[in-house]
Amino acid sequence: RVHDNPALDAARRSAARVYPVFVLDPRYLRPDPAAPSPGSARAGVARVRFLLESLRDLDARLRRLGSRLLVLRARDDVSDAVCAALKDWNIGKLCFESDTEPYALARDKRVTDFAAASGIEVFSPVSHTLFDPAEIIEKNGGRPPLTYQSFVATAGEPPKPVMEKYSELPPIGDTGGYELLPVPKLEELGYGDLSQEYIPPFRGGETEALKRMRESLQDKEWVAKFEKPKGDPSAFLKPATTVLSPYLKFGCLSARYFYHCIQDVYRSTKTHTKPPVSLAGQLLWRDFFYTVSFGTPNFHQMEGNKICKQIPWRENGELFVAWRDGRTGYPWIDAIMIQLRKWGWMHHLARHSVACFLTRGDLYIHWEQGRDVFERLLIDSDWAINNGNWLWLSCSSFFYQSIIEFTPQSHSERSTTPTETTSGISSQC
Ligand SMILES: Cc1cc2nc3c(=O)[nH]c(=O)nc-3n(C[C@H](O)[C@H](O)[C@H](O)COP(=O)(O)OP(=O)(O)OC[C@H]3O[C@@H](n4cnc5c(N)ncnc54)[C@H](O)[C@@H]3O)c2cc1C
């Protein structure tokens with residue numbers, strides 16, 4: 001993105017030539033004909049499409065400022081492509097947003113090791129989240145806060161976004177030896193004739209993200225009264241929440257900018273809801289999961305994960321596939337899973353319903369299996385948030401004493417708040 005991007009800001013200030021680079025990663029983009037639905041092994045086609053739209057928009061925004069996006073295609077390891085470009089273009093300073101996902105940490109370490117060995121200066125600010133997860137863990141005595149309340153108490157106020165408006169950016173430097181390709185089309189990545197059914201109603205990109213955010217925040221009363229558990233998960237034409245998650249995931253929208261715009265709305269209203277249910281409270285949930293995931297070894301699995309209850313889940317391939325493919329026979333569950341496959345986005349409470357159904361509520365199947373399906377198909381697929389919510393919903397971590405049951409039939413009829421009981425794990429089937 002161009003707004004609130006401290007890495008871009010630093011690059012712009014340090015050099016007369018700036019190379020804005022995005023590397024296409026085959027790990028996520030190489031089509032896999034054997035996958036259960038169109039896409040690669042790790043990303044459904046709706047998310048691949050969203051990414052390409054976001055890159056095209058970023059390129060257009062950079063061009064308006066006298067620059068452009070340089071799209072590199074990695075053959076295998078993204079870090080190799082970055083290191084080659086650093087060397088070939090004789091780069092003096094590398095600026096990139098830090099990323100706490102284990103895959104990204106390992107990738108970025110390979111690049112920063114290369115930069116250190118080559119005398120290249122590195123600037124890698126924390127700007128994907130409101131806070132720096134490492135700082136919060138340090139403030140909390142070296143451990144991540146494990147409750148939302150303690151997280152909020154430790155975190156305080158997030159830094160202000162960098163909101164300087166640029167009239168131009170430095171031009172790109174010499175790219176000798178590199179063929180400058182435009183952002184590829186889906187077909188150019190090897191995706192054949194795709195049915196229209198995999199086109200979600202949300203277009204990728206910073207332009208769309210800012211428009212969507214402004215439209216949501218225009219309704220000040222809606223923002224002031226926002227209470228997450230009260231939204232209607234079956235509202236499709238006008239979703240009950242902002243649908244900004246895919247834009248936050250891909251960095252098209254800055255979480256800090258969004259947070260501060262919400263605060264501006266709060267200042268102009270007499271009263272407003274508070275965390276955890278408020279709109280600003282949702283962004284704090286995001287940071288909560290980022291912080292816990294960063295400070296918890298093996299956060300993404302049951303084994304070796306100290307905060308995860310060890311549960312003897314059942315193996316049942318047939319039931320799992322029925323759930324994944326929307327063939328359980330429960331219309332509410334099946335509709336949500338079909339929405340996942342086609343759009344890659346569902347309301348939070350709809351996600352609750354199907355996650356609860358797969359795990360402790362009904363099928364008693366391992367949360368990691370459900371997590372994998374979400375991870376591949378969601379357009380907002382996010383390592384920290386997805387794992388955190390699956391840990392939560394399967395009663396494996398954060399929340400074990402009281403059970404919220406989502407009856408697969410009556411929940412859809414009411415379509416609002418879940419039934420709460422404290423009865424322990426029960427089956428609805
Ligand atoms: C099983 C399960 C898996 C999930 N996987 C993901 C995922 O991979 N990626 C993802 O972004 N969200 C995930 N969520 C959280 C949540 O459902 C989505 O963030 C939300 O529905 C996105 O819609 P929105 O942008 O309209 O949210 P809004 O209600 O408008 O909230 C604004 C922003 O706050 C953040 N947010 C909202 N709810 C949560 C939450 N519970 N935890 C953390 N951050 C939150 C998101 O960034 C969101 O865009 C998951 C939830 C469940 C139950």
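The values are calculated or read from the model by the stated rules, or taken from the named source; none is laboratory data. Fair warning: this is a prediction, and the values are worked out from it, not measured in the lab. Reconstructed Cβ throughout: ideal geometry from the backbone, glycine too, with neighbour counts over all protein chains shown. Just so you know, the surface numbers come from the protein's heavy atoms only, side chains and all, with ligands and any DNA or RNA stripped out. Shrake-Rupley method; radii C 1.70, N 1.55, O 1.52, S 1.80 Å.
Counting Lys and Arg as +1 and Asp and Glu as -1, each charge on the Cβ, what is the dipole of the chain about the Cα centre in debye, to the nearest 20?
On the way: 53 positive and 52 negative charges, 164 e Å.
With Lys and Arg at +1 and Asp and Glu at -1, about 780 debye.
By its C-alpha gyration tensor, with a ≥ b ≥ c as the square roots of the eigenvalues, how is region 162-233 shaped: rounded for a/c under 1.5, else prolate for a/b larger than b/c, else oblate? Please list the in-between numbers first.
Details: a/c = 4.40, a/b = 1.41, b/c = 3.12.
Verdict is oblate for region 162-233.
If amide H atoms are built 1.01 Å from N in the plane of the peptide, which residues on other chains or at least 5 residues away come under 5 Å of the amide H of L72?
For L72, the qualifying residues are F22, V23, L24.
Under the rule of at least 5 residues apart or a separate chain, name every residue whose amide H is placed under 5 Å from the amide H of C95.
Placed amide hydrogens put F123 under 5 Å from C95.
Tabulate in residue order the Karplus-calculated ³J(HN,Hα) for region 218-227, using 6.51 cos²θ - 1.76 cosθ + 1.60 with θ = phi - 60°, rounded to whole Hz; enter x for Gly and Pro.
4, 7, 5, 5, 4, 5, 5, 9, 3, 9
Sorted by mean Cβ packing within 10 Å, highest first, what order do the peptides 340-347, 59-66 take?
So the order, starting with the most tightly packed, is 340-347, 59-66.
With a 1.4 Å probe and every protein chain left in place, work out the accessible area per residue of region 1-125 in Å², rounded to a whole number.
Values: 5810 Å² over 125 residues.
Normalised by residue count, the accessible surface of region 1-125 is 47 Å².
How much mean residue ellipticity at 222 nm does the chain get from its helices, if each DSSP H run of length 4 or more adds -39500 (n - 2.57) and you divide by all residues, to the nearest 500 deg cm²/dmol?
Working: 18 runs with 185 residues, N = 429.
The per-residue figure over the chain is -13000 deg cm²/dmol.
For region 1-125, give the percent of accessible area contributed by carbon and sulfur heavy atoms, probe 1.4 Å, rounded to a whole number.
Values: 2960 of 5810 Å².
That fraction is 51 percent.
Compare R314, R267 by solvent-accessible area with a 1.4 Å probe and give them largest first, with all protein chains kept in place.
Working: R314 140, R267 170 Å².
Output order, biggest surface exposure first: R267, R314.
Answer rounded, prolate or oblate for region 251-352, using the Cα gyration tensor with square roots of eigenvalues a ≥ b ≥ c: rounded when a/c is under 1.5, else prolate when a/b is larger than b/c, else oblate. Don't jump to the answer; show the numbers that get you there.
Values: a/c = 2.66, a/b = 1.50, b/c = 1.77.
Taking the square roots of the gyration eigenvalues as a ≥ b ≥ c, region 251-352 is oblate.
Could you tell me which of F320, Y247, G176 has its Cα farthest along the dipole of the chain towards the positive end, charges placed at Cβ (Lys, Arg +1; Asp, Glu -1), taken about the Cα centre?
Positive-most Cα among the choices belongs to Y247.
In a shell of Cβ-Cβ distance under 11 Å around L393, excluding L393 itself, what net charge do Lys and Arg (+1) and Asp and Glu (-1) give?
Working: positive: R351, R360, R371; negative: none.
With Lys, Arg at +1 and Asp, Glu at -1, the neighbours total +3.
Provide the net charge surrounding P31, with neighbours chosen by a C-beta distance below 15 Å and charges set as Lys +1, Arg +1, Asp -1, Glu -1.
Values: positive: R27, R30, R42, R47, R49, R73, K185, R376; negative: D25, D32, E187, E188, D193.
Value of the local net charge: +3.
In percent, what relative contact order does the chain have, based on Cα pairs under 8 Å that are 6 or more apart in sequence?
Values: 672 pairs, mean separation 79.9, N = 429.
Reported as a whole number, the value is 19 percent.
Report, by chain and number, residues whose modeled amide H sits under 5 Å from the one on G39, excluding near sequence neighbours (fewer than 5 apart, same chain).
Correct list: D32, V45.
For the pairs K225/K270; K228/K306; K211/K238; K185/K211, note any where the Cα-Cα span goes beyond 18 Å. Mind dumping the intermediate values first?
Numbers: K225/K270 11 Å; K228/K306 29 Å; K211/K238 15 Å; K185/K211 24 Å.
In this structure, K228/K306; K185/K211 exceed 18 Å between Cα atoms.
What does the net charge come to around S127 if you take all other residues with beta carbon closer than 9 Å to its beta carbon, with K and R at +1 and D and E at -1? Show your work: numbers first, answer last.
Numbers: positive: R256; negative: D4, E97.
Taking every Cβ under 9 Å from that of S127, the sum is -1.
Keeping all protein chains in the complex and leaving out DNA, RNA and ligands, what accessible area do you get for Y198 with a 1.4 Å probe, in Å² to the nearest 10?
30 Å²
Where the centroid of each part is defined by its Cα atoms, how far is region 60-88 from region 1-33 in Å?
7 Å
Rounded, prolate or oblate for region 1-125? Axes are the square roots of the Cα gyration tensor eigenvalues, ordered a ≥ b ≥ c, and the cut-off for rounded is a/c under 1.5. Can you show the working numbers first?
Numbers: a/c = 2.10, a/b = 1.39, b/c = 1.51.
It is oblate, given that a/c is not under 1.5 and a/b is not larger than b/c.
Run the accessible area of region 207-256 with a 1.4 Å probe and give the carbon-and-sulfur part as a rounded percent. Don't jump to the answer; show the numbers that get you there.
Numbers: 1260 of 2390 Å².
Summing carbon and sulfur atoms, their accessible area is 53 percent of the total for region 207-256.
Excluding residues fewer than 8 places away in the same chain, name every one of the lysines whose C-alpha is closer than 22 Å to that of K93.
Within the straight-line cut-off, K93 pairs with K109.
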